[in-house]
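K.L.:
Questions regarding the structure given below will be posed in turn.
The values are calculated or read from the model by the stated rules, or taken from the named source; none is laboratory data. Everything numeric in this text was worked out from a predicted model, so none of it was measured. Neighbour counts are summed over all protein chains in view; Cβ atoms, including those assigned to glycine, are modelled from backbone coordinates with ideal geometry.
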Amino acid sequence: MRRPAGMARGGAAVTAAGRATRVMRAAVSAFFGGYHCFTSVAALLALPFSAAVLASEAAAPSSATLRGTAARLRSVFAAAGFPPSPFFALLEAKLSQTVFTFAATLPFALTFLLLAKACVAAMLRDRDDGGVAPPRRQQRKLASALPPCGAVVRAYPAVAATHLLNAFLMLSANAAVFSLLLLAFGAADLLGLTSHFWTLALSAAGAIVYSLAIGVATVVCNLAVIVAATEPGCAGHAAVLRACVAIRGRVSTALALALPTNLGMAAAEALFGLRVVAQRRSAGRLAPGVAGEAFSIAYIHAICVVLEIIVSCMFYRSCKRSEADELRELEPEEKGDLQA
């Protein structure tokens with residue numbers, strides 16, 4: 001008899017928090033099992049990308065490009081008819097900073113970050129057929145050495161194509177959410193709901209919808225890159241479609257898994273601004289001790305980037321295991337129907 005969806009082998013319901021906890025524990029165990037290799041990837045590949053992210057965010061407040069982007073977004077929001085509110089002011093500031101950081105770090109993302117993702121995915125790739133994970137001893141052996149350069153180079157074109165497609169998908173997701181917000185505020189204006197209360201309520205609802213939509217789109221795009229790095233011959237829209245199928249019914253788990261590593265990277269960025277950027281602005285120069293502290297914070301950020309890649313790989317592996325279990329559960333039932 002087939003078990004209902006969401007039921008574990010023991011019969012107890014598996015919550016999203018339980019699945020996220022198991023995946024996170026497997027990711028942390030894999031990280032410490034191949035600690036020297038993963039830290040080498042963080043130091044050689046992820047560190048330049050992390051340094052570029054921290055440097056771009058430090059240079060953002062004094063950048064004329066950022067101010068120009070914010071002015072353009074402000075004029076677009078005003079032309080679209082969005083009412084002035086703290087939500088749209090915050091959204092304008094965050095969007096302009098995101099666009100500036102994306103443009104400033106794009107060369108590093110297309111080289112160092114994608115190579116790090118391909119390298120980590122090659123280290124954690126299942127080597128057996130059928131989608132079943134290898135034993136723990138074999139996993140430790142696979143993670144105990146860096147992958148061959150040929151495997152990383154072969155996976156890079158698919159990863160790069162998927163990453164570029166993800167940029168257009170994120171732009172489309174933002175445009176779709178803005179269109180929905182425009183329709184909502186336009187309908188409220190037609191109905192006469194223009195008071196401060198309704199503007200605040202619609203802004204709060206818009207913030208929730210925007211956060212969920214962008215969060216889900218980000219999780220799907222990150223998983224699509226892992227699919228492109230893991231599955232041979234799968235790139236671009238095929239990787240995105242496979243990621244959407246894998247994440248079906250597991251959106252809450254994926255969001256819960258993305259939270260810890262993103263909080264770690266945000267904490268590293270805040271620490272960089274507090275300890276490095278603030279000291280440089282007050283002293284007018286970067287002291288040698290502060291430069292060493294900046295390097296340490298960038299390395300912490302790189303470790304969080306590698307951990308995020310490992311978590312995505314482990315989550316995709318768990319999705320493949322769940323699909324394989326469902327297929328095995330269907331086989332006896334189908335055979336019984338044929339016999340009857």
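K.L.:
What number of residues within region 52-79 satisfy the criterion of being touching a helix residue (DSSP H, G or I) at 6+ places or on another chain (Cβ under 8 Å), among the hydroxyl-bearing types (Ser, Thr, Tyr) and assigned to a helix (DSSP H, G or I)?
P.N.:
3
K.L.:
Considering only residues that are closer than 27 Å to LEU212 by Cβ and touching a Leu at 6+ places or on another chain (Cβ under 7 Å), which ones fall in region 255-284?
P.N.:
Result: THR261, GLU269.
K.L.:
Does THR261 satisfy being surrounded by 18 or more Cβ atoms within 10 Å (Cβ to Cβ), touching a Lys or Arg at 6+ places or on another chain (Cβ under 8 Å) and part of a helix (DSSP H, G or I)?
P.N.:
Answer is no for this residue.
K.L.:
Suppose the filter is part of a loop (DSSP other than H, G, I, E, B) and either surrounded by fewer than 15 Cβ atoms within 10 Å (Cβ to Cβ) or of a type in the set (Val, Ile, Thr) (or both); does GLY292 pass it?
P.N.:
Considered against the rule, which asks whether it is part of a loop (DSSP other than H, G, I, E, B) and either surrounded by fewer than 15 Cβ atoms within 10 Å (Cβ to Cβ) or of a type in the set (Val, Ile, Thr) (or both), GLY292 comes out as no.
K.L.:
Go through region 80-111 and report how many residues are surrounded by fewer than 13 Cβ atoms within 10 Å (Cβ to Cβ) and modelled with pLDDT under 75.
P.N.:
Selection size over region 80-111: 3.
K.L.:
If I filter region 9-30 down to residues being surrounded by fewer than 12 Cβ atoms within 10 Å (Cβ to Cβ) and part of a loop (DSSP other than H, G, I, E, B), which single residue comes out as modelled with the lowest pLDDT?
P.N.:
Out of the qualifying residues, it is ALA12.
K.L.:
Based on what the data block shows, is ARG137 at pLDDT below 85, surrounded by fewer than 13 Cβ atoms within 10 Å (Cβ to Cβ) and assigned to a loop (DSSP other than H, G, I, E, B)?
P.N.:
no
K.L.:
Name the residue that is surrounded by the most Cβ atoms within 10 Å (Cβ to Cβ), counting only residues in region 206-226 that are among the hydrophobic types (A, V, I, L, M, F, W, C) and out of contact with any Leu (no Cβ under 9 Å at 6 or more places or on another chain).
P.N.:
If we take residues in region 206-226 being among the hydrophobic types (A, V, I, L, M, F, W, C) and out of contact with any Leu (no Cβ under 9 Å at 6 or more places or on another chain), then ILE226 is surrounded by the most Cβ atoms within 10 Å (Cβ to Cβ).
K.L.:
Turning to a different aspect of this structure: Could you tell me which of the residues ARG317, ARG275, ARG321 is closer than 23 Å to ALA26 by Cα, at pLDDT 80 or above and surrounded by 11 or more Cβ atoms within 10 Å (Cβ to Cβ)?
P.N.:
The unique qualifying residue is ARG317.
K.L.:
Every residue in region 168-179 that is loosely packed, with under 14 Cβ neighbours inside 10 Å and hydrophobic (A, V, I, L, M, F, W, C), please.
P.N.:
Correct list: PHE168, LEU171, ALA175, ALA176.
K.L.:
Among what's in region 144-167 and is over 30 Å from VAL209 (Cβ atoms) and of a type in the set (Val, Ile, Thr), pick the residue that is surrounded by the most Cβ atoms within 10 Å (Cβ to Cβ).
P.N.:
VAL159
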